[in-house]
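Enquirer: Take this structure first; my questions come after.
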Amino acid sequence: MEECLFCKIIKGEIPSTKVYEDDKVLCFKDINPEAPVHVIVIPKKHISSLNDLTVNDEEVIGHIYTVIRKITKELGIADSGYRVVSNCNEDGGQTVPHVHFHVLGGKKLRISVV
Ligand code: 5GP
Ligand code: ZN
């Protein structure tokens, strides 16, 4: 089966600008940023969508939020504020089928659902 885009980024088959990495999680800059800071945070384990998370993934998802607190401090947006977004399936606007969290900041973000 063809591997997903983010699995290829994890393997280094597609280059990315890494912001943070450990054994469970990778953070890299979005190729098409929608804010001055736009980082994608992914579990290294392939999980297609939020619908596919199981109770066994609670630890990695909790860990992702620990990583988000760390990188937002390092990127200087923790105090000014930021937004975490995770899109699920077609209506949610998910285009890459590997669970991911957008971390957006560095400007005042408008309230928007689209
Ligand atoms: P989604 O629309 O699935 O919630 O978010 C996917 C995100 O991945 C988009 O914001 C898009 O810009 C980003 N993206 C797509 N392809 C690449 C890539 O090859 N490299 C990087 N760094 N980001 C990508
Ligand atoms: Zn994947």
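The values are calculated or read from the model by the stated rules, or taken from the named source; none is laboratory data. What you see is a predicted model; the values in this text were computed from it and never measured. Positions of Cβ are generated from backbone atoms using ideal geometry, with glycine treated the same way; all protein chains shown enter the neighbour counts. Side chains are part of the model used for accessible areas, which takes the heavy atoms of the whole protein and leaves out ligands, DNA and RNA. Shrake-Rupley method; radii C 1.70, N 1.55, O 1.52, S 1.80 Å.
Enquirer: Determine the calculated [θ] at 222 nm for the chain from helices alone, applying -39500 (n - 2.57) to every DSSP H run no shorter than 4 residues and normalising by the residue count; nearest 500 deg cm²/dmol.
Expert: -7000 deg cm²/dmol
Enquirer: Need the full-extension length gain, Ser49 to Arg69, defined as separation in residues times 0.36 nm minus the C-alpha distance. One decimal, nm.
Expert: Once the chain is fully extended between Ser49 and Arg69, it gains 5.0 nm.
Enquirer: Hey, can you grab everything whose amide H is under 5 Å from the amide H of Ser48? Only 5+ residues off in sequence or another chain; H modelled, so Pro and N-termini drop out.
Expert: Under 5 Å from the amide H of Ser48 lie the amide H atoms of Val99, each far enough along the sequence or on another chain.
Enquirer: Kindly provide the Kirkwood hydrodynamic radius of the chain in Å, to one decimal, from all pairs of distinct alpha carbon atoms.
Expert: About 14.6 Å, per the Kirkwood formula over Cα pairs.
Enquirer: While we're looking at this one, here's another question. Dipole magnitude of segment 5-105 about its Cα centre, charges +1 at Lys/Arg Cβ and -1 at Asp/Glu Cβ only, in debye to the nearest 20?
Expert: 300
Enquirer: Answer with one residue from Val41, Ile71, Ile9: the one whose Cα lies farthest towards the positive end of the charge dipole of the chain, charges on Cβ with Lys, Arg +1 and Asp, Glu -1.
Expert: Sorting the options by dipole projection puts first Ile71.
Enquirer: Quick one: with all protein chains in place, what share of the accessible area of segment 58-109 is carbon or sulfur, to the nearest percent (1.4 Å probe)?
Expert: Whole-percent figure for carbon plus sulfur exposure: 48.
Enquirer: So, one more: What residue among Lys29, Lys70, Lys44 has the largest mean-square fluctuation in a Gaussian network model of the chain, using Cα springs under 10 Å?
Expert: Lys70
Enquirer: Could you report segment 1-73's accessible area per residue, 1.4 Å probe, as an integer in Å²?
Expert: Value for segment 1-73: 61 Å² per residue.
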